[in-house]
1. Condition first: in contact (Cβ under 8 Å) with a residue 40 or more places away in the chain, part of a helix (DSSP H, G or I) and among the β-branched types (V, I, T). Can you find one or more residues in the stretch 131-145 that meet it?
2. Considering only the stretch 218-244, how many residues are farther than 30 Å from E313 by Cβ and in a loop (DSSP other than H, G, I, E, B)?
3. Just for strands (runs of 3 or more DSSP E) wholly inside the stretch 399-460: which have at least 1 residues that are out of contact with any Gly (no Cβ under 6 Å at 6 or more places or on another chain), closer than 25 Å to A475 by Cα and open to solvent by 50 Å² or more (accessible area, probe 1.4 Å)?
4. Would the stretch 490-508 turn up any residue that is open to solvent by 60 Å² or more (accessible area, probe 1.4 Å), aliphatic (A, V, I, L, M) and in a strand (DSSP E or B)?
5. Condition test on V307, is it out of contact with any Pro (no Cβ under 6 Å at 6 or more places or on another chain) and open to solvent by 60 Å² or more (accessible area, probe 1.4 Å)?
6. Would you confirm whether any residue within the stretch 380-389 is hydrophobic (A, V, I, L, M, F, W, C), assigned to a helix (DSSP H, G or I) and touching a Gly at 6+ places or on another chain (Cβ under 8 Å)?
7. Report, ordered by the first and then the second residue, all pairs with beta carbons closer than 7 Å, sequence separation of six or more or different chains, a first member in the stretch 254-282 that is over 17 Å from D218 (Cβ atoms), and a second member that is among the hydroxyl-bearing types (S, T, Y) and open to solvent by less than 40 Å² (accessible area, probe 1.4 Å).
8. Could you check, for the stretch 71-82, whether at least one of its residues is open to solvent by 40 Å² or more (accessible area, probe 1.4 Å), in contact (Cβ under 8 Å) with a residue 24 or more places away in the chain, within 25 Å of K38 (Cα to Cα) and outside any helix (DSSP H, G or I)?
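The values are calculated or read from the model by the stated rules, or taken from the named source; none is laboratory data. As the structure is a computational prediction, the values presented were derived from the model and not from experiment. No Cβ is skipped: glycine too gets one built from the backbone with ideal geometry, and neighbour counts run over all protein chains shown. Surface areas here come from the heavy atoms of the whole protein model, side chains and all, with no ligands, DNA or RNA. Shrake-Rupley method; radii C 1.70, N 1.55, O 1.52, S 1.80 Å.
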Amino acid sequence: MFKLTVYRKVNMSRNFFLLVLMFLLVLVGGKIMLAHEKIATYEEAMKLYRSGDLVAAEKKFRAAKLNVVISDHNKEINQILGVLSPIRETMEELDKKAGDYYNEKDLPRLADTYNSWQEHLEKWVGGTAVQKDMYEEMLTLTKLDKDLNTYFSAIKKAELAKLTSSLRNDEKEEQIHKDLNLIPSEYYGGDSKKTELIKSEFQKYYSGIIKAMITENDGVFQLVDEGNRQFSMLKQFSIDSLWLKTALETHLIKVMTEDFDKKEYALFAEKAKTVKDLSSEMADSQVFPWIEKRKNELLNQADKLTVGNKYEEAISLYEALRPLEDTEQLIKSANLAWDKFEPIRVLKRLYPDKEFPHFVNARNKWGADSAVAAISKEGLIYFGKLNGEEEMSVTTGGNFGETLTVNKLDFQGSLSLTDVPVLFIDAKSSSRKHRYMAYEVVNNSVSKILDVEADSLTIESKESILLENPVGQGAGEFAYYERGYSGGFQFSKIKVDYIDISAKDIKNYYGQKVRFTTYSATQTADGPLIKLSETYNFTTRKYESQYLLLKGQLTNITNYNRYTVIGVFNSYQTITDSYGEPIEVPVFQVEKVE
C-alpha cells in the first residue's frame with residue numbers, strides 16, 4: 001500500500017489552496033468585468049432612452065437586466081422595462097397573430113386582434129410620452145397598421161367578389177355580410193361609409209340577380225321565389241327594399257298584362273296566384289289591387305256570358321280563375337243553367353252510347369224549366385224534362401227505325417189539345433215532297449197522332465190541318481185532316497176554295513177563284529175562246545159576241561165539248577174578232593179542268 005509522507009501531504013495541501021486561490025481570483029476578476037459590462041450596458045441604455053431611441057434602449061435594458069452579477073441600477077432598469085417591454089411584446093405578438101390569422105383565413109380572430117390593438121393603442125397613446133413614443137417606434141418597426149390594412153383590404157375585396165349572380169345562397173350571403181361587418185370601419189373610411197358600402201354592394205348584388213331574371217324572362221314562380229328570398233335577406237341585413245318592390249311590381253304587372261291582353265286567362269290566374277304569395281313587404285304594392293281589378297273584370301265578363309247563354313265561354317273563364325277565386329259554385333250554377341238552356345247535354349250524358357242527330361229544346365213549358373225532344377240514330381224518340389236541380393225525367397217511344405230520313409224535328413204546340421208536348425217531324429218521302437209525323441207525350445208514353453205523306457201541310461187549328469196532295473184520300477187536292485175519336489188525324493174532306501158561277505157572270509168576279517161549266521168555242525193562237533153571249537146589232541147589221549179567253553192549265557180542251565174549269569179572271573187582252581176587228585176580252589187563268 002502506497003503511503004504519503006508528511007512532506008507530500010503538506011505539498012499537496014499547498015497546491016490545493018493555490019488552485020482555490022487562483023479560481024477565486026478568476027471569479028473576482030470575472031465579476032469585476034461583468035459588473036463593469038452591466039454598468040456600461042446600463043449607461044448605453046440610458047443614453048438611448050434619453051435620446052428617444054426607446055426600442056434600442058429597451059433591448060439594452062433587457063441585456064443589463066440579464067447581468068445579475070451586481071444589482072446596481074436594477075430598480076431603474078425594472079421601472080423602465082416595466083413601461084417599454086409590454087409595448088414591445090404586445091406589438092410583436094399582435095403582428096405575429098395578425099399574420100397567422102390572415103394566412104389561416106380566420107377573420108374573427110383577425111378582427112379580435114385589430115380590436116386588441118385598438119384597445120392598447122388607446123391606452124398607450126393616451127398614456128405617458130414614453131409609452132406613446134415606444135408605441136410609435138414599435139408600429140414603425142412591426143408595420144402592424146400597414147399589415148392589417150393589407151389583410152383587411154384583401155379580405156374585403158375577396159368577400160365582395162363572392163357577390164355574383166351565381167351565388168344565391170342564404171347561408172353564404174349571411175356569412176359574407178357577417179365577414180364584411182367584421183372588417184373594421186377604418187378600412188371603409190368610417191362607420192357611415194362602411195354601412196353605406198355594404199348596403200350598396202348587397203343591393204347591387206340583389207338587383208343584378210332580379211334584372212338578370214327579368215332580362216332572361218324567367219318564370220313568375222322563380223321571380224317571386226327569389227323576390228321573397230331577397231325581401232327576407234334585405235330585412236335581415238337592414239337594407240331598404242323599396243327598389244325591389246318597384247322592380248317586381250313593374251315587371252309582374254307587365255307579364256300578367258301580356259297574358260291578360262292575349263286572353264290567356266289561365267296563365268294570368270296562375271301567375272297572379274303566385275304573385276299573391278309575395279312577401280308582406282309588398283303588401284302596399286299596386287300589383288295586388290291590379291290583380292283584383294282584372295280578376296273582377298273577368299268574373300263580371302263570365303257573369304255576362306252566362307246571362308247571354310254563352311255558357312262554354314263563361315265556364316272556361318270560371319275554370320281559368322280557379323287559382324284566384326273559389327269558382328266552384330259559379331261553375332256548378334253555369335253548368336246547371338247550360339243544361340237547362342241546352343237539355344240535350346243532359347240527355348247525351350244519360351245515354352253516352354247514343355247519337356242524337358236531331359233534337360229540339362223548349363223552356364218553361366209542361367211544368368218544367370226546360371225540355372228536350374230528340375231522335376236517336378236508331379230512330380227512337382226521347383223526351384226529357386228538367387226542373388230545378390232534379391235529375392232529368394226521360395220518356396221514350398215511337399221507334400221508326402234507321403230508314404227514316406228526318407229533315408226537321410220541332411215542338412208543335414198548335415196541335416196540342418191539353419197542353420202536352422207534341423213532337424212534329426218533317427221527313428223525306430218517296431212519293432211526295434214530305435212525310436209529316438206527329439207524336440204526343442202523355443203519361444210517360446209517346447203516341448203517334450199523325451203520319452201522312454203530302455206536298456205541304458198547314459195547321460189551321462188544334463184539330464184540323466190542311467194537306468196538299470196527300471197520299472190516299474184527297475190525293476191531288478187540298479184535303480182536310482181532322483182529329484178522330486182515337487186522337488189521331490184522319491182524312492175529313494177536300495178543301496173547296498172557289499165559287500160556283502155562270503160563265504156569263506165572270507166579269508162580276510174579278511180576282512176571285514171561281515168554277516163554272518161551259519163549252520169551248522174556238523181555238524185561237526192566244527188560246528180557247530168561250531162565247532159568253534151574242535146579240536144582233538141592227539144598226540151595223542152584225543152579230544156582236546162577248547168572249548172569255550182561257551189560259552193556264554188547258555190540257556185536253558177541244559172545241560164544242562163541255563168542261564168545268566176552276567180559276568181566276570184577273571186581266572184583259574186585245575184580240576181580233578171574226579170580222580178582223582180588234583176587241584178586248586177578259587182572260588181567265590185556268591188552275592184545274594174537271
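1. yes
2. 6
3. Where strands (runs of 3 or more DSSP E) fall fully within the stretch 399-460 and carry at least 1 residues being out of contact with any Gly (no Cβ under 6 Å at 6 or more places or on another chain), closer than 25 Å to A475 by Cα and open to solvent by 50 Å² or more (accessible area, probe 1.4 Å), they are 406-411, 434-442, 445-454.
4. yes
5. yes
6. no
7. Between residues of the stretch 254-282 that are over 17 Å from D218 (Cβ atoms) and residues that are among the hydroxyl-bearing types (S, T, Y) and open to solvent by less than 40 Å² (accessible area, probe 1.4 Å), the close pairs are E281/S241.
8. Checked against the condition, which is being open to solvent by 40 Å² or more (accessible area, probe 1.4 Å), in contact (Cβ under 8 Å) with a residue 24 or more places away in the chain, within 25 Å of K38 (Cα to Cα) and outside any helix (DSSP H, G or I), the stretch 71-82 yields at least one hit.
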